[in-house]
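The values are calculated or read from the model by the stated rules, or taken from the named source; none is laboratory data. Every value quoted in this text rests on a predicted model; they were computed, and no experiment measured them. Note that each Cβ is placed from the backbone with ideal geometry, even for glycine, and that neighbours are counted across all protein chains shown.
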Amino acid sequence: MNDRRGNEIFEPMVGTDFNSCQEAYDFYNLYSWEHGFGIRRGRSRVNTNKYRTMHDLVCQCAGKNDKENSSSCKIDCKAMVRLLRTKDHGWYVSTFVKEHNHHLSVGYDAKIQWNSHDSIDPIAFDFIKNLRSNNVSVGKVYNILGGAEWNLQAVPYRKQVLLTLCAKLSQDTVKDDLTKTMKLMQDMKMEDMNLKVEIDVDGDGRVRTMLWVTGKK
């Protein structure tokens, strides 16, 4: 049973939306790389018009091995992501099962053994995060990656996947900055009891502006 904790960059939370199943697959595959397991495509459901409306992405250890005397990693692991189609023909995560019933791989050599990880290069992955942390635009990141020569196989270079990745990294940065700002305000309040802080939020509760005035002359 997996019990890892910490900040999640690629966790496919319920409600996360994607433009395509492939984009969702790439996103979940990056998550599986970080946690040390592989994924594959599972069941799909189609409607009466033969239009796919549901698609499962499962752990490589999902299902059972029905063949005797055969080597298989299938041990009925339930970890998975279920995707449902949206009205505008995108996809969203309706179910996310996080827990595994097996040990997870640690280290590059172990992780690369999973079939879904033959296209992920952690060096390029870290490079993307470093570029974004230095305020390099998504377009420039894409161009840099396209022109770079990697010794290892690269992270999937679909631009929409890169956009999703960078947007998630940006959200995490904003949340971290806001937490640090609020901590700073608390420290300032302890030193200046007349400190006034006003926060303006939008209809969804997102911070738009923050103003403060000290009581010191």
I'd like to verify a number: residues in the range 113-127 that are within 19 Å of the chain's Cα centre (by Cα) and modelled with pLDDT of 80 or more, how many?
3
Criterion first (in the same structural domain as LEU104 (by TED's automatic domain parsing), assigned to a loop (DSSP other than H, G, I, E, B) and touching a residue at least 40 places away in the same chain (Cβ under 8 Å)) does PHE27 satisfy it?
no
Name the residues in the range 71-97 that are out of contact with any helix residue (DSSP H, G or I) (no Cβ under 8 Å at 6 or more places or on another chain), closer than 16 Å to HIS35 by Cβ and crowded, with 16+ Cβ neighbours inside 10 Å, would you?
CYS73, CYS77, ALA79, MET80, PHE96
